[in-house]
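Let me begin by presenting the structure, written as structure tokens, before commenting on it.
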Amino acid sequence: MPEITAAKVKELRERTGSGMMDCKKALAESNGDMEKAIDYLREKGLAKAAKKAERTAKDGRIFHIVSDDGKLGVMIELNSETDFVAKTDEFNDLGNKIIAHLFSKSFADTASLLESAHESGSTINDLVTAVIAKLGENIVLKRFARFDAPNGKAFCYIHSNYKVGALAELDAENSSVINSDEFAELGHEICMQIAAANPTCLRPEDVSEDVLEREKAVYRQQLLDEGKPADKIEKIIPGKLRKYYETACLLEQEYIRDSDKKIKDLIAETGKKLGTKLNVKRFERFAIGE
């Protein structure tokens with residue numbers, strides 16, 4: 001049987017992140033063959049990770065990248081069981097690897113992203129599994145957003161605790177203004193608004209009929225419980241819906257820095273300064289635990 005040297009154990013630990021005793025055992029089981037030992041640890045890691053995958057991951061961090069020219073922005077939510085693990089170097093290294101991988105290529109959904117091959121030769125899922133095995137907690141890639149903005153720019157804001165993030169795409173009829181300071185400031189303010197005020201859609205027209213009918217049903221019951229006459233209720237509901245839009249729709253929300261303005265007013269004002277119409281095309285908001 002080949003000698004299991006301290007140098008070999010050290011190399012295996014550095015390559016896999018596994019514990020010293022696990023590395024010694026893997027090398028012994030693999031007759032000192034480094035690659036077989038790595039496979040052995042991966043197999044054992046997969047077994048451990050499968051058990052941990054049943055546990056709920058409700059903590060974690062938001063990661064993001066926006067290209068230097070603003071033409072591409074990506075954001076992911078990576079979950080862990082505890083904030084302690086979310087602050088570890090291993091967890092953050094994993095998040096940075098996933099976000100960089102997503103930045104380089106588009107994917108249809110999280111399943112295809114997890115199954116894709118990373119430049120290291122492992123799949124993204126294998127990278128996640130290895131960190132699960134090392135840290136002892138379940139880790140889940142919950143969701144991602146990837147905005148290509150050929151006619152505008154992508155902007156992102158991540159709260160200082162890394163628990164809330166917003167990604168938005170803005171464009172302009174006159175594309176020459178998208179590199180201006182005013183356009184950049186508007187993008188930043190829009191993302192901060194999204195992170196703070198949690199809109200669910202862009203404009204009233206985007207609210208689905210199902211959601212509207214559910215809201216109307218709630219209002220009807222509330223008004224009945226308040227003793228409002230049945231013939232008056234349908235006349236009151238439109239006003240209730242306007243209040244709902246001011247909460248749910250980004251463009252109708254009060255600007256967090258100035259309650260006398262709506263976000264659509266802020267956009268119009270900036271557009272007037274720049275001499276062109278500006279538009280928020282889309283946005284995503286991720287919050288840990290939601």
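Among the residues of region 2-16, the one identified as in contact with a Lys or Arg (Cβ under 8 Å, 6 or more places away or on another chain) and in a loop (DSSP other than H, G, I, E, B) is Ile4. Considering every residue within region 261-276, establish whether at least one is modelled with pLDDT of 95 or more, open to solvent by less than 50 Å² (accessible area, probe 1.4 Å), in contact with a Lys or Arg (Cβ under 9 Å, 6 or more places away or on another chain) and not in a helix (DSSP H, G or I). Scanning region 261-276, I find no residue that is modelled with pLDDT of 95 or more, open to solvent by less than 50 Å² (accessible area, probe 1.4 Å), in contact with a Lys or Arg (Cβ under 9 Å, 6 or more places away or on another chain) and not in a helix (DSSP H, G or I), so the answer is no. Of all residues in region 151-185, those satisfying the criterion of being among the aliphatic types (A, V, I, L, M) and touching a strand residue (DSSP E or B) at 6+ places or on another chain (Cβ under 7 Å) are Ala154, Ile158, Val164, Ala166, Leu167, Ala168, Leu170, Ala172, Ile178. Which one of Tyr245, Tyr255 is touching a strand residue (DSSP E or B) at 6+ places or on another chain (Cβ under 8 Å), open to solvent by 20 Å² or more (accessible area, probe 1.4 Å) and at negative phi? Criteria check complete, one pass: Tyr255. With respect to the stated conditions, Glu77 is closer than 24 Å to Thr56 by Cα, buried (at least 21 other Cβ atoms within 10 Å of the Cβ) and among the acidic types (Asp, Glu). For first residues located in region 129-155 and free of Cβ contacts under 8 Å to residues at least 60 places away in the same chain, partners that are surrounded by 22 or more Cβ atoms within 10 Å (Cβ to Cβ) and assigned to a strand (DSSP E or B) and lie 6+ apart or on another chain with Cβ distances below 8 Å form the pairs Leu135/Ser80.
Can you name the residue in region 138-154 that is open to solvent by 30 Å² or more (accessible area, probe 1.4 Å) and hydrophobic (A, V, I, L, M, F, W, C) and, of all such residues, is farthest from the chain's Cα centre (by Cα)? The selected residue is Val140. For region 96-137, a residue qualifies if it is open to solvent by less than 30 Å² (accessible area, probe 1.4 Å) and touching a Gly at 6+ places or on another chain (Cβ under 9 Å), and the qualifying residues are Thr129, Val131, Ile132.
Taking into account only those residues within region 155-178 that are farther than 25 Å from Gly289 by Cβ and in a loop (DSSP other than H, G, I, E, B), which is least open to solvent (accessible area, probe 1.4 Å)? So the residue we want is Asn174. If the requirement is being in a helix (DSSP H, G or I), free of Cβ contacts under 8 Å to residues at least 24 places away in the same chain, open to solvent by 80 Å² or more (accessible area, probe 1.4 Å) and within 30 Å of Ile62 (Cβ to Cβ), which of these qualifies: Glu205, Glu234, Glu213, Glu290? Result: Glu205 is the single residue among Glu205, Glu234, Glu213, Glu290 that is in a helix (DSSP H, G or I), free of Cβ contacts under 8 Å to residues at least 24 places away in the same chain, open to solvent by 80 Å² or more (accessible area, probe 1.4 Å) and within 30 Å of Ile62 (Cβ to Cβ). When Val85, Val66 are screened for being open to solvent by less than 60 Å² (accessible area, probe 1.4 Å), modelled with pLDDT of 85 or more, in contact with a helix residue (DSSP H, G or I) (Cβ under 8 Å, 6 or more places away or on another chain) and aliphatic (A, V, I, L, M), only Val85 passes. Within the set Ile194, Ile263, the sole residue that is under 30 Å from Lys163 (Cα atoms) and out of contact with any helix residue (DSSP H, G or I) (no Cβ under 6 Å at 6 or more places or on another chain) turns out to be Ile194.
The values are calculated or read from the model by the stated rules, or taken from the named source; none is laboratory data. Please read these numbers as outputs of a predicted model, since none were measured by experiment. Cβ: placed from backbone, ideal geometry, glycine included. Neighbour counts: every protein chain shown. Remember, those area values only see protein heavy atoms, side chains included, never the ligands or the DNA or RNA. Shrake-Rupley method; radii C 1.70, N 1.55, O 1.52, S 1.80 Å.
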